[in-house]
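Working notes, structure below.
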Amino acid sequence: MSRQIFINLPVADLPRSVAFFAALGFAPNPQFTGEGGGCFSITDTIILMLCPHARFRDFTPKEICDTSKAVEVLLSLSCDSREEVDSLVARALAAGGTTYDEPEDFGFMYTHSFVDPDGHGWGVLHLSGTPAP
């Protein structure tokens, strides 16, 4: 059986977050998108669920992280090329995201990152080899 990963993220402004991830080119799933949340297929096995804060609280008794003060999670997404890394970060910035670093080339891995409008950090990387021992 093929497993899927469902990333559930709390969002303050659902329409803004839906527009942001649509601008990145992720495939929306209209069956699970509406007033109660947004759903995007990042790949066939990675599904992004956007939950307004009130809805997110239905799933956990814990407080929602204030991402302006603390990090709740870092998400990393692989790409097929360096160009795809740069393109995805550029689309994120054009759609209202931010970044806190510059691209880094480690020889075997090229990385960059963006922060979505709700403060969730996304690392974007392309692996082109194996690290030296």
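From the list Asp13, Asp44, which residue is acidic (Asp, Glu), surrounded by fewer than 17 Cβ atoms within 10 Å (Cβ to Cβ) and under 22 Å from Ala94 (Cβ atoms)?
Answer to the selection: Asp13.
Return the residues of the stretch 1-19 that are without any contact (Cβ under 8 Å) to a residue 60 or more places away in the chain and either outside any loop (DSSP other than H, G, I, E, B) or not assigned by TED's automatic domain parsing to the domain that holds Thr43 (or both); say none if nothing qualifies.
Answer for the stretch 1-19, where residues must be without any contact (Cβ under 8 Å) to a residue 60 or more places away in the chain and either outside any loop (DSSP other than H, G, I, E, B) or not assigned by TED's automatic domain parsing to the domain that holds Thr43 (or both): Ile5, Phe6, Asn8, Leu14, Pro15, Val18.
Quick check on Pro103: is it within 21 Å of His126 (Cα to Cα), at pLDDT 90 or above and not hydrophobic (A, V, I, L, M, F, W, C)?
Taking the combined requirement at face value, the residue satisfies it.
Among strands (runs of 3 or more DSSP E) lying entirely in the stretch 30-133, which contain 1 or more residues that are touching a residue at least 24 places away in the same chain (Cβ under 8 Å), outside the structural domain of Leu9 (by TED's automatic domain parsing) and closer than 23 Å to Asn8 by Cβ?
Ranges flagged: 74-78, 109-115, 121-127.
Based on this model, can you work out whether Val89 counts as at pLDDT 95 or above and under 12 Å from the mean Cα position of the chain (by Cα)? Spell out the reasoning first.
Values: at pLDDT 95 or above: yes; under 12 Å from the mean Cα position of the chain (by Cα): yes.
Against the criterion (at pLDDT 95 or above and under 12 Å from the mean Cα position of the chain (by Cα)), Val89 qualifies.
Could you list, in sequence order, all residues of the stretch 94-133 that are surrounded by 13 or more Cβ atoms within 10 Å (Cβ to Cβ), of a type in the set (A, V, I, L, M, F, W, C) and closer than 14 Å to Phe20 by Cβ?
Scanning the stretch 94-133 gives Ala95, Phe114, Val115, Trp122.
The values are calculated or read from the model by the stated rules, or taken from the named source; none is laboratory data. These numbers were taken from a predicted model, which means no experiment stands behind them. Counting neighbours? That spans all protein chains shown, and the Cβs are built from the backbone with ideal geometry, glycine included.
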